[in-house]
Amino acid sequence: MRSALLIVLGLAIGIVGTVFAMNALHSREPYSHTVMTMMSHHAGALSAAVKAQKCDAVQSQRHLSRLLETQADFDEAFPGVDQPFKDEATKLREKTQAALQAAPADCKALAAAIKPIGETCQSCHQQYR
């Protein structure tokens with residue numbers, strides 16, 4: 001009985017130690033996580049506006065501008081990444097600039113403008129996440 005209790009206690013301590021170690025490893029790159037969180041916020045706001053059919057042109061432009069501004073931090077947030085990742089980031093920047101220049105005024109136009117952005121994000125996340 002005592003042996004079983006010690007084994008269970010050892011496993012519990014091991015699990016807690018593993019969780020702490022994984023959290024420490026995950027949090028060592030908080031800047032890249034923050035950049036992606038900001039991207040997700042603005043892209044999510046645009047998608048939510050389309051789904052709710054409440055697409056304000058000013059708000060759409062603001063979120064698209066912030067998406068583009070946040071993408072400017074990719075090089076600093078992801079140092080030492082390989083060239084294909086940089087190519088994906090360039091594609092994302094181009095798609096976001098095109099959406100911003102299109103100046104979507106209604107939900108149909110906004111949906112069409114953000115679709116390529118979402119596809120580029122999804123493609124990159126499938127490869128690098």
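The values are calculated or read from the model by the stated rules, or taken from the named source; none is laboratory data. These numbers come from a predicted model, not from an experiment. Heads up, the Cβs are rebuilt from the backbone with ideal geometry, glycines too, and the neighbour counts pull from every protein chain shown.
Might you let me know whether the range 70-85 holds any residue that is touching a Lys or Arg at 6+ places or on another chain (Cβ under 7 Å) and touching a residue at least 40 places away in the same chain (Cβ under 8 Å)?
Checked against the condition, which is being touching a Lys or Arg at 6+ places or on another chain (Cβ under 7 Å) and touching a residue at least 40 places away in the same chain (Cβ under 8 Å), the range 70-85 yields no hits at all.
Could you say which residue among LYS115, LYS95, LYS91 is over 17 Å from TYR31 (Cα atoms), touching a Pro at 6+ places or on another chain (Cβ under 8 Å) and among the basic types (Lys, Arg)?
Numbers: LYS115 fails: touching a Pro at 6+ places or on another chain (Cβ under 8 Å); LYS91 fails: touching a Pro at 6+ places or on another chain (Cβ under 8 Å).
From the options LYS115, LYS95, LYS91, the qualifying one is LYS95.
Could you name every one of the helices (runs of 4 or more DSSP H) located completely within the range 66-129 that has at least 2 residues being more than 15 Å from the chain's Cα centre (by Cα)?
83-102, 107-128
Looking at LEU6 and the list (1) hydrophobic (A, V, I, L, M, F, W, C); (2) part of a helix (DSSP H, G or I); (3) touching a helix residue (DSSP H, G or I) at 6+ places or on another chain (Cβ under 7 Å), which single condition is not satisfied?
Unmet for LEU6, out of (1) hydrophobic (A, V, I, L, M, F, W, C); (2) part of a helix (DSSP H, G or I); (3) touching a helix residue (DSSP H, G or I) at 6+ places or on another chain (Cβ under 7 Å): (3).
Is there any pair with a first residue in the range 14-43 that is within 15 Å of PHE78 (Cα to Cα) and in a helix (DSSP H, G or I) and a second that is modelled with pLDDT under 90 and aliphatic (A, V, I, L, M) whose Cβ atoms are under 9 Å apart and which are 6 or more apart or on different chains, and what are they?
Taking only residues 6 or more apart or on different chains, the pairs are TYR31/ALA77; SER32/ALA77; HIS33/ALA77; THR34/ALA77; VAL35/ALA77; MET36/ALA77.
Being in a helix (DSSP H, G or I) and among the basic types (Lys, Arg) is the filter; apply it to the range 50-65 and report the residue that is nearest to THR37 (Cα to Cα).
The qualifying residue nearest to THR37 (Cα to Cα) is ARG62.
Does at least one position in the range 17-36 carry a residue that is exposed (fewer than 14 other Cβ atoms within 10 Å of the Cβ), out of contact with any His (no Cβ under 9 Å at 6 or more places or on another chain), farther than 22 Å from ALA109 by Cβ and at pLDDT 90 or above?
No, the conditions are met nowhere in the range 17-36.
Collect the residues in the range 98-129 that are of a type outside the set (A, V, I, L, M, F, W, C), touching a residue at least 24 places away in the same chain (Cβ under 8 Å) and over 20 Å from VAL35 (Cα atoms), keeping them in residue-number order.
Within the range 98-129, PRO104, ASP106 meet the criteria.
Hey, could you check the range 94-129 for residues that are surrounded by fewer than 17 Cβ atoms within 10 Å (Cβ to Cβ) and charged (D, E, K, R) and say which is farthest from LEU64 (Cα to Cα)?
In this case the residue turns out to be ARG129.
Would you point out the residue of the range 77-97, among those that are touching a helix residue (DSSP H, G or I) at 6+ places or on another chain (Cβ under 7 Å) and either modelled with pLDDT under 90 or hydrophobic (A, V, I, L, M, F, W, C) (or both), that is farthest from THR37 (Cα to Cα)?
PHE85
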